[in-house]
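Shown next, in structure tokens, is the structure this report addresses.
The values are calculated or read from the model by the stated rules, or taken from the named source; none is laboratory data. Here the structure is a predicted model, which is why all the values come from computation and not from measurement. Using ideal geometry, Cβ is built from the backbone for each residue, glycine included, and neighbour counts are taken over all protein chains shown.
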Amino acid sequence: MEKHEVVLLKGMYLAPYIHLATSLRGKARHAGGNMFRHQLDTMATLIDYGYIDSILLKASIIHDVLEDVPDFNVNELLSIDSESPAVYQLVMEVTRRPGQVKTDYLKQVLKNGSQRAKVLKCADRISNMISLGFVNDPKFIARYCEETEVYIFPIALAVNYDMFDELLNLVISRQQYLADYEFLHQHRDELQAKENRASLKTRLDF
């Protein structure tokens, strides 16, 4: 990290946003952990890609709060600092509305989302795709990979090719897991029979 970036980070008023995000501690994730940690991981992903934008980073810390905390008091956010209204607007861009179909939501981000919203969505998906490595549900993994290819790849290509490249590699790794899983599932009986024969031979030789 460059010295001027450290100075910029040092001057950001992040603690109140982190405090708001702690309301997500009780929200478990499919891959384990909780949504609070995911907020900070998304922020870390942005910093890793060189985004030292206070509004973007503040929004990343609370990007799931409005969606996942039904009784959240928006005034708590709007009263933090002078950037709060812009942070709120950005969070709303990446917030799925109640009853909104997931695909419609992603299309909306792609078509109408601001540059910041698209970057934030990519960082969010990178974090989610990494966590997908701890998920063992093939149907969930397949659906998530397909969703990433169809909707998130175009968003990433519009804002940051390096993010697209990471997402591509993450999807490939998950698809390889699915292929390996399918192979083992299809040949499970055959592999078990080979293992039994090898075990029997070892006992006989002994």
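Residues in segment 44-56 that are under 15 Å from the mean Cα position of the chain (by Cα) and without any contact (Cβ under 8 Å) to a residue 60 or more places away in the chain: Ala44, Ile47, Asp48.
Number of residues in segment 69-96 that are surrounded by fewer than 11 Cβ atoms within 10 Å (Cβ to Cβ) and closer than 28 Å to Ala28 by Cβ: the value is 4. When residues in segment 91-106 are screened for being part of a helix (DSSP H, G or I) and either among the basic types (Lys, Arg) or in contact with a strand residue (DSSP E or B) (Cβ under 6 Å, 6 or more places away or on another chain) (or both), 1 of them pass. Residues in segment 51-61 include at least one that is small (Gly, Ala, Ser), within 25 Å of Asp165 (Cβ to Cβ), at pLDDT 95 or above and surrounded by 13 or more Cβ atoms within 10 Å (Cβ to Cβ). Checked across segment 147-159, the condition of being at pLDDT below 95 and of a type in the set (D, E, K, R) holds for no residue. Among the residues of segment 107-131, those identified as farther than 17 Å from Val150 by Cα and part of a helix (DSSP H, G or I) are Gln115, Arg116, Ala117, Leu120, Ser127, Ile130, Ser131.
Conditions (1) touching a helix residue (DSSP H, G or I) at 6+ places or on another chain (Cβ under 6 Å); (2) under 21 Å from Ile152 (Cβ atoms); (3) free of Cβ contacts under 8 Å to residues at least 40 places away in the same chain, marked per residue:
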site	(1), (2), (3)
Val6	no, no, yes
Pro70	no, no, yes
Leu78	yes, no, yes
Lys102	no, yes, no
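Of the residues Ile52, Ile47, the single one that is in a loop (DSSP other than H, G, I, E, B) and out of contact with any strand residue (DSSP E or B) (no Cβ under 6 Å at 6 or more places or on another chain) is Ile52. Filtered by the rule that a residue be part of a helix (DSSP H, G or I), surrounded by 14 or more Cβ atoms within 10 Å (Cβ to Cβ) and out of contact with any Leu (no Cβ under 6 Å at 6 or more places or on another chain), segment 10-37 gives Pro16, Tyr17, Ile18, Leu20, Ala21, Ser23, Leu24, Arg37.
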